Amino acid sequence: MAWRIEVGLKDGVRDARGERVRREIAEHLGIHLDNVRTIDVYTVDANLNRKQIEAAAEGPFSDPVIQRVSIDRPLAEDFDMLIEVGFRPGVTDNVGRTAKEALRYLLGRTLTDEEGVYTSIQYLLRGRIDGKLAEHIASGFLGNSLIQRWEIVPSGEFDRSKGVPVSVPRVISNSLPKVKHIDLNVSDDELMRISREGVLALNLEEMRTIQNFASNPDTIRARKTVGLGDKLTDVELEALAQTWSEHCKHKIFAARIDYDDGRGNREIIDSLFKTFIVGATRTIRQEMGAQDFCLSVFKDNAGVIRFNDDWSLVFKVETHNSPSALDPYGGALTGIVGVNRDPFGTGMGARLLFNTDVFCFASPFYDQPLPPRLLHPRRIFEGVVEGVEHGGNKSGVPTVNGSIVFDRRFAGKPLVYCGTAALMPALLHGRPGHEKKALVGDRIVMVGGRIGKDGIHGATFSSEELHEGSPVTAVQIGDPITQKRMFDFLLIARDRGLYHSITDNGAGGLSSSVGEMAEDTGGFEMHLDRAPLKYPGLQPWEILISEAQERMTVAVPPKHVDEFIALAAEMDVEATDLGQFTDSGYYHCLYNGRTVCYLPMEFVHDGVPQLALKARWEDRGHREPEFAQPEDPGAVLLALLGRLNICSKESVVRRYDHEVQGGTVLKPLVGVANDGPADAAMIRPLPDSFEGIVVAHGICPRYSDIDTYHMMACAIDEGLRNYVAVGGDINHVAGLDNFCWCDPVQSERTPDGEYKAAQLVRANKALYDYCVAFGVPLISGKDSMKNDYQIGDTKISIPPTVLFSVIGKTEDLRKGVTMDVKRPGDLVYLLGETRDELGGSEYYDMLGHLGARVPEVDAATALHRYRTLNTAQQQGLVASCHDLSDGGLAVALAEKAFAGGFGIDADLRNVAAEEGLREDTLLFSESQSRLLVTVSPVHQSAFEALFSGQCCSLIGEVRADRELLITGLNGELLIRSTIDDLKEAWQAPLREM
Amino acid sequence: MSKQVKAIVIAGNGTNCERETAHALALAGTDLVHIVHISELLGGRVQLSDYHFLNLAGGFLDGDDLGSAKAGANRLLHAPIAGSGEHLSDHLRRFIEDGKLIMGVCNGFQLMVKMGLLPALNGEFRQQATLTFNDNGRFEDRWVYLRTDSQSPCVFTRGLDGIYLPVRHGEGKLVTGSPRILHDLEARHLSVLKYSTAEYVPTMDYPANPNGSSAAIAGLCDESGRLFGLMPHPEAYVHRTQHPRWTREPDLPEEGMGLWLYQNAVRFIRQELL
């Protein structure tokens, strides 16, 4: 029978969670309640006696100092409305899982698979509230109907003796495993119906390719030998759809593109990926020659570069956009714990060092009506931040770098970029740590979590736009603790040499991980019925492609299997032998001994036809706006500092543990009050060495509205300039590109597809040009190409966005530099030229303009500057350094001043600039490659000598008081403000988030 | 036992700070530092009694899913040691009776409080206080000033007036089971660390006091002074480059203030236990 344990707070104990919920209901929904209190509910569906359940209730499930408990009797009283929110059957319930484990220690026995503990939270609301409003609160804030269900009970209808009835959200399934056979010998319309209704996301040409394969006599003959008929099974079709998905196969980046530059020039591009991304890295590595620090690029789950003789550095950045749109918390949590597995599953495995997070949202203060199925941007903001907070903090991985970009179009699809870096031994058991190879005969061992229906069709779903029928199974909730245990175990197994290869189970699940690892040997044989399940009732195809989290696939030589599995069991980690790697040439799955999938490896991996795309660039007639200079540039500066893209993100940064592991030497918040905006993070990964890792990023989607070529160039430059600002070595830095695009395939639904494809081509051309010019190899990346929302007549496409992440090293982290001014009397230098480049700027955007003159990057000049800056930093000449980006010079001056606690005196007449610029252009232009540096007067001549012949202007001095003074072109004071007012304007907007 | 200071750091199930804790211990002069996965202790292959200094490091034991460190406390109290008929809690009790040292940091402090190891007033190892949600309901990472109590029996804070360390927690507010317990903690000088202003004056004001803890308490010891726990992270400040303002404070010493706590522990062990 099921017991219901309720845990509430004793009288007089502050309910911080309830208070937070009350506050957030007011902020999110505008509903002001008098009071919210909370009760934790454990529904224990297990064979226990009264004494045992009492021991559990009073033991692990409650805190005797502040809580009271009851069993099968309600605690709720003194409320107007009760809302109890629990999970739907099958949804990951981490607290329930931990509670079940706690019972094991208490009872001295392991609970059976049929037994379980399920949790829910009861919210007791007081205030003027009716059933309709309660439903609004439940669906609009407390719960998410995709993963949760709730019960609403008004005070008058509450049964005070029985309370909320016991309900056990156990998955009950009577469905027996069954393999369907699909007839593909049908019309084109029918083929497309099969693709659409099955969420296969395959186009007609791909369906026809599969149709031809199935009807080929050789195929039919081969299938007979394993007892299969001439129709493909659902397992096979799902395996192909998953492997061939845009998400896994990157078909758009691999497409053959017919590009027209709009000026009469046409060219054929055979794969953007090979031409521009792999191509750039190949060119750069050749040029670096013996200095090449790349170790493993593009072929593994993450890129690997050299750190020093003993250690290699691993980095990967992923996106998790579509799931985060549906369930922001679960989507982002899964995003972070998911990207953790990429570096962990690179080479022979790597220890995680830090995370990075970049989000793109619509304004949390969005006040327009929302189209159906979209969550309010504020809810997405809160959920994503909390998901990343839990994922990173609980995993013990510091979140050291990130940003949040706002644009109203991200209401259609938020972008959630999550990155993870890791460190691996350069040599492991005498072989390079970044290499791995499964051997014929190795066992296929799945480690970690169990398989459920969660995440089914995640890969194919994220290859489509968000639509009415987007599957709810695409939503998952990560479980950091199960993963942490698995990582603890796998690092020991790695160091003992118990396996040959490792990879993660992400998109596509076993199908992808085993299928790819089997390319080492040329085949595999896997028994799907042996996979451990969260609950019964999964079909064989679901087991194969489920993206249930926290799982790795490992190739274990037969002689180590027993030791491997025993070590796992001892460390509370599940490891299961599912079959073996073969050289049969076949992707072979069985269920209860019968073959259910038998596909040639070659067809699975190389059979997908190349997509053909047309791309046509066009002049969209952008113009510079004409308007008078603002009369009060000081007021403009205050307004800019309060813009969402510029203002302080401290409330978010503090929620991330950014210094666990003890290595974060340059933190995200710097300055005299620990609250200034750092340009980049510096990490000390090895306690016995002062070598440091530097990580930074660039992202500027606003420029895409003018030209994606310059957007890409600016993102690269921004990443590098943040990186060098703190002291990163410009000669030892690698890049990662993460493209998030709107659908660039021309169709009825996307009539401007050719233009979007041309935008993609131009961004890629810039990626090649600037990476080569800066000498920065690309080591990994990812693309997410369907960031559109389309329901009914409403279509929202995100602005083309590329996150350019950079990672590299510094030989001596004690030479690190922060952005805050340090001492009165220090000289303020501006490095780089200011030009008439306000197109796509924050300034123009605030005034309602787009403009035409988007910033352009002069890579050769910039590279020379960055190298010289490195030298100045190494010589200890630089007191502070800050990059200029959104809001230009004025914003950078203000940030430097208030972060350091001293004013600045600056004179626009000394700013090196193009002829004839207006003062507002000098103040707010976003010309690239510029940095503001402060230098002690003692070092003036040495510093100026280093930069002689370069664009380096002495524009002012750090003051002893708290005033920012900027002198205009006619010698009169243009801006006068205290740093306290500037800081307040900068901190206010998101302070309470 | 040879004349070596031996420390153990327990790992596993969501402990996150074991490596930097081990590093701090080594820097402080511990001769032998072992990071031991709890399965080694429960498997009976590693004996707690072989060490002088037990470190319960920060992290999220079992995700703090039942409340911070609750499930972890349940495990340490009830998990049997293979083939011995004993529980880990029996070994812990003997470790304490032998006069050895235990330090719990953050999640380790929560664990000690919820197991009843702290404050253990009158030598009673039952839960007398708790650490619960910060008043603002949020996890926060920020640096705090901590005032020490010079009259405390605590062996870890001997000779210290104040230290500066980061807190990184969502459940750090200390609440006692009764006003009497709080009174006794104060009267017996067991509330050895208090959240303070930069001038080292204890405060209840946010954010200097990040969680609203009773009497601004950030750390506790037992009456022997040998069991000690604190929410802030001493292992996160053992070198000057970990200080948030090291780039603007050239006079900061190489050694971080957190290291002092470990050095005191090692000194005590050399004097009293070897």
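Values computed for the structure shown
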item: Theoretical gain in end-to-end length, A:K559 to A:S173 [0.36 nm per residue, Cα-Cα removed]; result: 135.2 nm
item: Charge dipole (debye, nearest 20) of chain A; +1 at Cβ of Lys and Arg, -1 at Cβ of Asp and Glu; result: 1960 debye
item: Listed residues B:V33, A:G642, A:Q790: farthest to the positive end of the dipole of the protein assembly as shown (Cβ charges); result: B:V33
item: Rg/Rh for the range A:817-993, where both radii come from Cα atoms and Rh is the Kirkwood radius; result: 0.95
item: Along each principal axis, Cα extent of the range A:830-910, largest first, Å; result: 44, 35, 22
item: Cα-Cα pairs of the range B:85-173 separated by more than 20 Å (percent); result: 48 percent
item: Scattering curve values for the range A:2-157, log₁₀ I(q)/I(0), Debye with Cα scatterers, q = 0.09, 0.10, 0.16, 0.21 Å⁻¹; result: -0.31, -0.38, -0.92, -1.36
item: Principal semi-axes in Å for the range A:137-202 [√(5λ), Cα gyration tensor, largest first]; result: 45, 18, 8
item: Residue-wise HN-Hα coupling along the range A:364-371, computed from phi with Karplus coefficients 6.51, -1.76, 1.60 (Hz; x: Gly, Pro); result: x, 9, 3, 10, 8, x, 9, x
item: Fewest-first ranking of B:K114, A:K10, using other Cβ atoms within 10 Å as the exposure measure; result: A:K10, B:K114
item: Hydrodynamic radius of chain A per Kirkwood, over alpha carbon pairs, in Å; result: 29.9 Å
item: Selection from B:L92, B:V105, B:M115, by position along the positive dipole direction of the range B:77-126 (Cβ); result: B:V105
item: Largest to smallest principal axis extent of the C-alpha atoms in the range A:181-249, angstrom; result: 32, 26, 17
item: Whole-number percent relative contact order across the range A:907-993, with pairs defined as alpha carbons under 8 Å at least 6 apart; result: 34 percent
item: Residues with amide H under 5 Å from that of A:S880, placed H, sequence gap 5 or more; result: A:T934
item: Backbone HN-Hα couplings from phi across the range A:953-969 [Karplus 6.51/-1.76/1.60, Hz, Gly and Pro as x]; result: 10, 7, 10, x, 8, 6, 8, 7, 9, 10, 10, 9, 10, 10, 8, x, 5
item: Full-stretch length increase - A:R976, A:Q629 - with 0.36 nm per residue and alpha-carbon distance subtracted; result: 123.2 nm
item: Helix-only mean residue ellipticity at 222 nm for the protein assembly as shown, each DSSP H run of n ≥ 4 adding -39500 (n - 2.57), per residue, nearest 500; result: -8500 deg cm²/dmol
item: Residue-by-residue Karplus 3J(HN,Hα) for the range A:29-35, coefficients 6.51, -1.76, 1.60, Hz, glycine and proline x; result: 10, x, 9, 9, 9, 6, 6
item: Net lengthening on full extension, A:D367/A:T112 (0.36 nm per residue, minus Cα-Cα); result: 86.8 nm
item: 5 angstrom amide H check on B:G162, placed H, neighbours 5+ away; result: B:T148
item: FRET efficiency, 1/(1 + (r/R0)^6) with R0 22 Å, evaluated for A:N731 and A:N308 via beta carbons; result: 0.90
item: Leading residue at positive end of dipole, the range A:324-453 (Cβ point charges), from A:T399, A:A362, A:G441; result: A:G441
item: Inter-site label distance for A:R14 and A:T861 at 7 Å from Cα along Cβ, in nm; result: 5.6 nm
item: Rounded to 5, the percent of DSSP beta bridges in the protein assembly as shown classed as antiparallel; result: 75 percent
item: Inter-label distance, nm, simple model (7 Å from Cα along the C-beta direction), A:S689/A:E570; result: 3.1 nm
item: Cleavage-rule hits (GluC sites (Glu not before Pro)) in the range A:955-993: DSSP loop, at most 12 neighbouring Cβ within 10 angstrom; result: A:E972, A:E992
item: Nearest-20 debye value, the range B:6-273 charge dipole, Cβ charges on Lys, Arg, Asp, Glu; result: 100 debye
item: Shape parameters for the range A:561-679, alpha-carbon atoms, Rg then Dmax in Å; result: 29.7, 81
item: Per-pair calculated FRET efficiency, R0 = 25 Å: B:Y200 and B:L274 via Cβ, rounded to 0.05; result: 0.15
item: Computed E for A:R193/A:S139 - FRET, C-beta separation, R0 25 angstrom, nearest 0.05; result: 0.15
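None of the figures in this text is laboratory data; all of them are computed from the coordinates on show. This one's a predicted model, so the numbers in the text were calculated from it and none came from an experiment. Don't worry about glycine lacking a Cβ; one is built from the backbone with ideal geometry, like all the others, and counts go over all protein chains shown.
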